[in-house]
Each structure stands twice: as structure tokens, then as C-alpha cells.
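Asks: Next up is a structure, given as C-alpha cells.
Computed from the coordinates by the stated procedures, all read-outs in this text should not be read as laboratory data. Note that the coordinates shown come from a computational prediction; the quantities given were computed from them, not determined experimentally.
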Amino acid sequence: MVPKIFICHSSPSNDEDANLARAQAVEGIRSTGLEVLADREGLRVGDDWFRKVVGWLDHCDAAVILLGRSALRSSFVPFEVAHLISRHVRHPQFPLLPILVGPVEPKTIRACTWAKTYRVADIQGISTQDRDWVEKLVDRLLSSFPANPLIAALCCRCHSAGWSAWSKTTPSSEGAASRCGSSTTSCPSRQ
């Protein structure tokens, strides 16, 4: 079964940073073969969106929280984050990956009341200001599912093809193994 990755976000049309980060995250995750659970991709006309989103929160295999200015002001993102943090606390192996979007910094997260309540800043994140943030996100997600045969097959294809499927680039001298969820020795296809 393909791992399902929930994307928690708020990206109204006037928030360019949030929309760009969302699009890059979705593209990066999808290019690995992982399934994306997000509103624009998964909701259809007539869906009970609240029920569907809660189902995704309950059954996703990992979650990405895009923490942009809009998300910090959102009325629904805190609900999703509370649900995801609860899963992460009960099951520490549940991957919960905060992404600081645009100009948002750790101090901004610590100043946000709901983010402080749910201790979001206590979870190591990455910033979209880091030019390799999508690759690091994807690497972390792939390394979270080493027992999944589909992920192992992806790693084998990356290694044998000599390139990274998600960045569509030729690997550096370290080879595709260093970009495939971890190092050659810890890649799921090598275990």
C-alpha cells in the first residue's frame, strides 16, 4: 500500500509564498509515488469536506505542516495541527514535518498562541528559504517507510538509474543513494 502524506496548510490566492510552497511540496511528494492528501487534489464537488479531512488526519501515514503567515492566522489549521500533534505524541514514529514558509521564522512560530500551545516549535523543521528544502522533505519521508516494498523499489530504481526521481537531476559524486532517503548503507533497498 502506498504511504499517504497529509498536507496541512492555508494558502489563499493572495499568499504567493504559501501557494508556491504548497505546489512544490505536492510535486515533490507525488514525484516519489507517495500519495498526497490535500484539499485541492482530494476533494470533489459534493464531498463532505470536514468528514473527509478528518478521515485523512486519522489515516495518513505522515504529515507535512506548511507554516506560512496564512496558516498562522487560519482558524482551521490549528484544528488539523492539534489532531496531528496528538497522533505524534501517542505514536512518536508518526512523521510530522513542519515547514517554515517564506519569511516565517522559529520565533514567529513560538509567538503564535496555538502553535505555542501545541509545541510546534519543539519539532525540528525546515525553511523554504533553504534551497534544498523539497529534497530534504522527500528524503525524510522516504526514510520513514523503509519496510514498504514500494519505497524500496523506488530506491532501487533511483540507484540503478543513477538519478533522483523527485528532483530530475543527475546526482553528484555521492550518487543517487545519498539522495534516496539516506545513505547507501541505510537506503531501504540496501537492507
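Asks: What residues have an amide H closer than 5 Å to that of Leu97, excluding those fewer than 5 places away on the same chain, when H is modeled at 1.01 Å from N in the peptide plane?
Replies: Residues meeting the amide H criterion: Ala63, Val64, Ile65.
Asks: Report, by chain and number, residues whose modeled amide H sits under 5 Å from the one on Cys60, excluding near sequence neighbours (fewer than 5 apart, same chain).
Replies: So Cys60 has HN proximity to no qualifying residue.
Asks: With an 8 Å Cα cut-off and a minimum separation of 6 or more residues, compute the relative contact order for segment 4-141 in percent. Write out the running numbers ahead of the final one.
Replies: Working: 189 pairs, mean separation 38.2, N = 138.
Rounded, it is 28 percent for segment 4-141.
Asks: Among rounded, prolate and oblate, which fits segment 19-122 when a ≥ b ≥ c are the square roots of the eigenvalues of its C-alpha gyration tensor, a/c under 1.5 means rounded, and a/b larger than b/c means prolate?
Replies: Values: a/c = 1.44, a/b = 1.30, b/c = 1.11.
Cα axes put segment 19-122 in the rounded bin.
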